[in-house]
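We did not get these values from a lab; they are worked out from the coordinates using the rules stated. This is a predicted model, so every value here is computed, not measured. Backbone-built Cβ (ideal geometry, glycine too); neighbour counts: all protein chains shown.
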Amino acid sequence: MTRFFCASLRLVLALVLVNCSLIIAQAQAPKTYSSSEILQGLKKLDTLGSVMYIAAHPDDENTRLLAYLANERHLETSYLSLTRGDGGQDLIGPELREQLGVIRTQELLAARRIDGAKQFFTRANDFGFSKTSQEALSVWDHQQVLSDAVWIIRQQRPDVLITRFPPDPRAGHGHHQASAIIAAEAFDAAGDPKRFPEQLKYVQVWQPKRLYWNTGSFFVKPGENMDGYLKLDAGGYNPLLGQSYGEIAAHSRSQHRSQGFGAAAQRGEAIEYFQFVKGTPAKTDLFEGIDQTWNRVPGGAAIGKMVEDVIRKYDASNPSASVAGLEKVFQGLASLMTVDKDHFWIQKKLQEESVLMQACAGVYAEATVSEPALASGGEALVTYDIINRSGLPIRLEQVRLSRAHFKGDATTITLDDEAPDSKQAITLGAGKHATGTLPLKGFTNALISQPYWLREPGSVGMYKLSEPESDYLRGQPENDPVATATFRYAVGEKRFKSITVPVQYKHTDPVLGELYEPLVVVPPVLVNIPAAQAYVFADQQAKPVPVTLRAGAAGVSGSLALQVPAGWQAEPAAAPFSFKSKDEEQTVTFMLRPLGGAAEGKSELRAVATVGGQSYSRGIQTIKYPHIPTQTLFPEASAPLVRLRVARGHTQTIGYLMGAGDQVPEALRQLGYAVTLLNPATDLTPERLARYDAVVLGVRAYNTVEQLKTQQPALLRYVENGGTLLVQYVVNRGTVLPEIGPYPLTLSNNRITVENTPVTFLKPSVPLLSAPNQLTPADFATGWVQEQGLYYPSAWDAHYQPVIASHDPGEAEQQSAILVAPYGKGRYIYTGLALFRQLPAGVPGAYRVLANLVESNGK
């Protein structure tokens, strides 16, 4: 018999299963607990209170306050980030947009593992910088974002909501302002049964007690009196954790590596300020008047005494002595189910009790496979292992595999009663373990491993979920594991318990040691084309389009074709392939060229493999960084196809110094330039720079390349001798040297956020606008994505000549998108234009602009 757990059962299952399975987070070594962590957990078991922090992006959260609330006050603490940070820049690699959102999601989860809070999201897509809340809420679906916030509040039932930002221009970013507006609206709507009533099939209405804004000196005028605000000292020291909350916060915040937010630890007093917004105001404490004891549960006073007894008798040198007391707590919680019809806190505390029982009993369990990927329709062998690391006898009764199924328009969890398991009970003494293998199969759709919010095409402002998934997964930070193993065991003669762990790929790296990665399900064949690349044609010469096929399973054969618009020709028309082994690869190079009827502008090409009548057009992208678990995405095997008229002048060779990471070098190659990536340690000398007609600095180079601190004179000497130096945007904080140009230049955070805002030419006859291509204002706006430019200088020396001007609606004109300064025989150019976004997106005008920028000295 097979049971399908629908969305409603996902939310309430733990209320009725008294064995309270614990599911360990994905892609982590199974969690082990020190004695001090167990004591922390016992104190949390004795606290019934919840708080939710709300802001717009990864890194907006106050990690010190989260650490304090979770570890000092032992509250259910969560952070609701409206977006995943998809619209930002990437300091550690080339990933942008959806890929960056995946990285920042995992960075938030890494931070939460440190500070002890939980993480949630809405479906809002971080579409880039917004200057007003009106703009943000018009690009987002206001009601959908509000619905998601209400959904999560009703699920988590916070007693107190806290916002990071005010709902007005003091917050700066329009997303920041909008997050405060959404929080205030959700505060009211969550408690109103007439708002989003469809949610009430699964959750109950919930009215938080109060909403406060976590303000501070950065939001008020210098010298403004803050005595009227509620205050809290979040700078304390936790001896069980051996750190202050400022130290925990620094470690947590430093997980935001893609944003360069490594933070210094703070120790000692740290006052947080709170301004009342909604609900019942407090006089002295955020949780004033809120019962945080077991008395808030009908009949719970006795449970509180049991937990206090366990804490009082806790022996740090022998945690297993607490098992008997925790068993009494469990029995008391189970009996409360007949008294408290709500079950909310019983659910929470049963889960916590299950974790503590496992930790005190010294039970360690894992389930692993020998390869990171399983082909759709294939089979893997799962090795399970459970160990008793206490002096208590552990009796293992059963091990059962479960697997998640994604069926295109629905996600369900399937448990097979006939699934293979270990049927003979095994008693484990101290230090003993039981191990075995179980077959895992039955996956029929590889999209189960695609991040759930990326499975369907969304809009500029919102990610899209299918309706069943909207109830099942929305708000969650990541997918459920594709498969889990549940170990049913007993401690001595006590009741049976269970621990559920994800099936993971475990391997040993010769440098990093033992590593765990999520198990992913892949299509039988994967189709990869070069990532983040547009194919640009300025003439009718054929260009190679390499397509790499990888076998997701052994014994796969079929044909591969390149699908292109009318007026284009790909040779060969189709190519056969046949793989004997899994992970075998074959690269087919198609020669693609436009025919006479190919229309100018942007279109798309797509690579499609056909196997047994089934088409496959998804590749695989693996994101690996040491601070987050390995992430696997399945992007469509498509790329922008651009037909344009673009001329080149005298520039042939270009030296490119990478900064934070971008795809501009490949765009230059698409235009026919010979591009060499410069080594900052060896290539920034006058002699080596002289080899190039132009030198280009990648985005944020002056923020990330330390060698520029000493090699700047060599770059200026290169310009002085007749070279063209193009500097792409530099963040106005944290530059490696105070002056990045030959003349004074004041960087700022000014930007143009409306990507297609009209551009005017200040001096149409300037060579940069006319040679080798006669540019038009449309080249700077038509088809542009996310933003027109960023980090425009706010002041500049008279030697710099502004070239174009534009402005966001209702704002003053900005003239520093391109600044050109003659210097010696050459020219220095600074541009804040967001070319690093436009070029991979295949924006035709951006290629014409780029060609003019790199031409040697305007010739």
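Here's how it looks for S254: its modeled amide H is under 5 Å from those of A263, which are all 5 or more places away or on a different chain.
Only lysines eight or more places from K763 in sequence, or on another chain, were considered; those with a Cα closer than 20 Å are K859. Projected label points at K464 and L677, each 7 Å from Cα along the beta carbon direction, are separated by 3.6 nanometres. Extension gain, K278 to R170: 0.36 nm times the residue separation minus the Cα-Cα distance gives 37.0 nm. On full extension, the segment bounded by K305 and E600 gains 98.5 nm, given 0.36 nm per residue less the C-alpha separation.
Working note: Karplus 6.51/-1.76/1.60 with θ = phi - 60° gives segment 111-120 the couplings 5, 5, 5, 8, 8, x, 8, 9, 10, 9 Hz, where Gly and Pro are set to x. Each peptide among 493-503, 358-368, 234-244 gets the average number of other Cβ atoms lying within 10 Å of its residues, and from highest to lowest they stand as 358-368, 493-503, 234-244. Packing, taken as the mean count of other beta carbons within 10 Å per residue, orders the peptides 657-665, 456-464 from highest to lowest as 657-665, 456-464. Residue exposure proxy: I271, I387, I303, ordered by other Cβ atoms within 10 angstrom of their Cβ from fewest to most, comes out as I271, I387, I303.
Amide H to amide H, with H built 1.01 Å from N, A834 comes under 5 Å of G789, L790, counting only residues 5 or more places away or on other chains. A simple spin-label model places pseudo-atoms 7 Å from Cα toward Cβ; at K624 and E636 they are separated by 2.9 nm. Using the Cβ-Cβ distance between K709 and T760 with R0 set to 35 Å, the FRET efficiency from 1/(1 + (r/R0)^6) comes to roughly 0.40. Extending 7 Å from Cα along the Cβ direction at I271 and again at L381 yields two label points whose distance is 6.6 nm. Less than 5 angstrom separates the built amide H of G458 from those of K464, all sequence-distant by 5 or more or on a different chain. For the chain, the residue among Q563, S50, N732 whose Cα projects farthest onto the positive side of the dipole built from Cβ charges is Q563. At a Förster radius of 45 Å, what calculated FRET efficiency corresponds to the Cβ-Cβ distance of A771 and M591, to the nearest 0.05? The formula returns an efficiency of 0.90 here.
As a calculated quantity, the FRET efficiency between D227 and S335 at R0 = 60 Å, using C-beta atoms, amounts to about 0.75. The GluC sites (Glu not before Pro) found in segment 651-719 that occupy coil by DSSP, while having at most 16 further C-beta atoms within 10 Å, are E706. Taking 28 Å as the limit for the C-alpha separation, the pairs K43/K506; K131/K348; K313/K349; K209/K328 exceed it in the case of K43/K506; K131/K348; K209/K328. Applied to segment 272-277, the Karplus parametrisation 6.51 cos²θ - 1.76 cosθ + 1.60 on θ = phi - 60° returns per-residue 3J(HN,Hα) values of 9, 10, 9, 10, 5, 10 Hz, with x for Gly and Pro. Stretching E687 away from R648 to a fully extended chain increases their span by 11.5 nm, per 0.36 nm per residue minus the current alpha-carbon distance. For segment 747-813, the convex hull spanned by the alpha carbon atoms encloses 99 Å³ per residue. Percent of alpha carbon pairs in the chain separated by more than 38 Å? Percent of Cα pairs beyond 38 Å in the chain: 49.
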